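Heads up, the thing below is written out as structure tokens.
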Amino acid sequence: MIEDKMLIWKLRKGDRSSLCRIYEKYRDDLLRIAAGLLTDTSQAEDTVHDAFISFIDCIGTFSVTGSLRGYLTTCVANRARNVNRAKARHREVGIDEIDPPAGGFDRPEQWLLQDEAFEQFRGAMAQLPYEQREAVILHVQGQMKFSTIAAMQQTSIKTVLSRYRYGITKLRSLLNGEVTV
Amino acid sequence: MRPTDQIKQTLKDIKVKTNPTVNQAVLDDLLGRLETAQQNNVSVKPNAWRTFMKTRMTKLTAAAAVLIVGFVIWTQVAFVQPTFADIVRPLMTAQTLIYDFITGLEESGTTMHDIVKGSRIRRTISTMPGMTMILDTENSRMLVLQHEKKTGSYFDMKGPLGLGTEEFLKFVRETIRQVQTQTEPQYAPVKLGVKELDGRKVVGYAAGSEHVKIEIWADVKTSLPVKITLGIGPQTTTLKNFEFDVPVDDALVSMDLPAGYTLEEAQMDLSDATEQDFIAGLKVWTELFTDGYFPESITVDDYMKKVPLLEGAVTKLNLSPEESKQLGVSFMKGMMFLTLFEAKGHKDWHYAGNGVKVGDASKAIFWYKPKDAQDYRVIYGDLRVEDVPADQLPQ
């Protein structure tokens, strides 16, 4: 936490190495969260990229009331939810494919390299309803409290707990020891 | 270890592997953006709005943006769905009304705060703290006050934008009446149940159709609305923080210039926006904000979020004041084309430009059916436009 505050302070003063450190520190965790939340890999990658861009955009006025991890995780979760909603809306109007947001940036190739265990994890996650998936991932991988998730999902803690338990139970039967890490 | 704990541990232990080349490319992109942000101070510097409001171009576009965004809801509700058009009638009797309305997602969208007294509206907007608008819907005029410079400008609101602002207010009032009475047969709301919202027990109703969805949560004791969410096509709008019949000082909605303020001349033709305006607006967007790619989406909220960034983006181009103004006007007219779309009788617009590079002649980025036309107008990535029969539209 203190390290993060120092990094933000230095970054505000234009220190490039602080941005490198923040990026290295949180990149993989955020990618893992995004990849769990979204079934489309390129959209998950864009979500993380966009979260970092948004962080840079607001660095001048950014104040860490909670943790930087929490802030970035929330950014990713919000963007993932927007993507998910947009997808649902596109389906409603009959557009099957949604191009990933480019944000004016062409990545040379795929960012996430997927191995068997990771594929199994994502495959299982994809079978959960979105709210359950979100509750499980944000709590277990994003280290978020249930109350925070409840605020994000605009529902009660009881509902989030229920979504989490259903999600974990379903994952248990889906994975059933198949994932080896 | 319990099975549940085992699953949790498994999830925690999942590792991601990343492509080092892409890691570096993304980092380079972020560092580049950091540098740009520091150079133009748009995002990094707090109170960027102060800088933004200093030029004529941005003042005009900001005022236009506020006017246009207030228009969008009524236009689309009234013209897309006749059933909803029926509910646009001035029946609410509150003398004063205060509310917030948020375009886009509730947690991240642009918030406008309206204080309504009679036919006057005092409007402020979250992204533009130095500016207040007084709208006189009866006489179709708007006074824009800039507090830091202590200046004021009058705008003519005649035409569809003025009408839209007036009708939007009627729509809000009528929606509220619907909740209170719950008797309108064509409104046919479905009860969503009771829940807690901001510490109050509220009851919810949903109504709508394929294109327009409305959700209303009202206090169970008073039947007064607490929150209204409108989903119109890709646009989401939330109305909340309602206050009724609170005393509002006449001075707050006065069209007279406040003491100590000087009058500034301002002209901007907002009477119409054409397909060519829309294309010009898109071109400005791609050049200023998305490095030659078409944006991810083009909702009104997307436009609104770009307005405060216009000044910083334009500064880099070293344009004359007149050129800057023209560029800002083009951008706003692009937004206006979409907001006037249904009112002008056009139909069925689709945007598919996300990720398409400007100049890509093979990809259609936008198509719509103009009023009374047989064929669709299709705009391609190279910004040419063709008439295309419905059965040959892009899939």
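Could we say that A:THR74 is within 12 Å of chain B (Cβ to nearest Cβ) and either buried (at least 18 other Cβ atoms within 10 Å of the Cβ) or modelled with pLDDT under 85 (or both) here?
Details: within 12 Å of chain B (Cβ to nearest Cβ): yes; either buried (at least 18 other Cβ atoms within 10 Å of the Cβ) or modelled with pLDDT under 85 (or both): yes.
Here the answer is yes, as A:THR74 does meet what is asked.
Among A:ARG89, A:ARG85, A:ARG107, which is the only one that is at the interface with another protein chain (Cβ under 7 Å from one of its Cβ atoms), assigned to a helix (DSSP H, G or I) and either surrounded by fewer than 17 Cβ atoms within 10 Å (Cβ to Cβ) or modelled with pLDDT under 85 (or both)?
Result: A:ARG89 is the single residue among A:ARG89, A:ARG85, A:ARG107 that is at the interface with another protein chain (Cβ under 7 Å from one of its Cβ atoms), assigned to a helix (DSSP H, G or I) and either surrounded by fewer than 17 Cβ atoms within 10 Å (Cβ to Cβ) or modelled with pLDDT under 85 (or both).
Mind listing whichever residues of region B:86-106 are modelled with pLDDT of 75 or more and not in a strand (DSSP E or B)?
Residues satisfying the conditions are B:LEU105, B:GLU106.
Is it the case that region B:253-265 has a residue that's modelled with pLDDT under 85 and either away from chain A (no Cβ under 13 Å) or part of a strand (DSSP E or B) (or both)?
Keep residues of region B:253-265 that are modelled with pLDDT under 85, which gives B:264-265.
From what is left, the residues that are either away from chain A (no Cβ under 13 Å) or part of a strand (DSSP E or B) (or both) are B:264-265.
Yes; the residues of region B:253-265 include at least one that is modelled with pLDDT under 85 and either away from chain A (no Cβ under 13 Å) or part of a strand (DSSP E or B) (or both).
Which of the residues that make up region A:110-132 are away from chain B (no Cβ under 11 Å) and either of a type in the set (D, E, K, R) or part of a loop (DSSP other than H, G, I, E, B) (or both)? Even if it seems obvious, please write down each step before you answer.
If we filter region A:110-132 for residues that are away from chain B (no Cβ under 11 Å), which is where we start, we get A:116, A:123, A:126-132.
The answer is A:GLU116, A:GLN127, A:LEU128, A:PRO129, A:GLU131.
Can you tell me which condition A:CYS20 does not meet? The list is (1) more than 11 Å from chain B (Cβ to nearest Cβ); (2) modelled with pLDDT of 85 or more; (3) not in a loop (DSSP other than H, G, I, E, B), and all the others hold.
(1)
Cβ-Cβ under 9 Å, sequence separation 6+ or interchain: first residue in region A:4-26 and without any contact (Cβ under 8 Å) to a residue 40 or more places away in the chain, partner among the acidic types (Asp, Glu) and surrounded by 14 or more Cβ atoms within 10 Å (Cβ to Cβ). Which pairs?
Once the first residue is without any contact (Cβ under 8 Å) to a residue 40 or more places away in the chain and sits in region A:4-26, its partners that are among the acidic types (Asp, Glu) and surrounded by 14 or more Cβ atoms within 10 Å (Cβ to Cβ) give A:TRP9/A:ASP15; A:LYS25/A:ASP4.
What pairs can you find where one residue is in region B:276-302 and away from chain A (no Cβ under 13 Å) and crowded, with 20+ Cβ neighbours inside 10 Å, the other is among the β-branched types (Val, Ile, Thr) and not in a loop (DSSP other than H, G, I, E, B), and their Cβ atoms are less than 7 Å apart, with a gap of 6+ or different chains?
Matching pairs, first to second residue: B:VAL300/B:VAL69; B:VAL300/B:VAL72; B:VAL300/B:THR103; B:VAL300/B:THR339.
The values are calculated or read from the model by the stated rules, or taken from the named source; none is laboratory data. Because the structure is predicted, anything quoted here is derived from the model rather than measured. Note: ideal-geometry Cβ built from the backbone for every residue, glycine included; neighbour counts use all protein chains shown.
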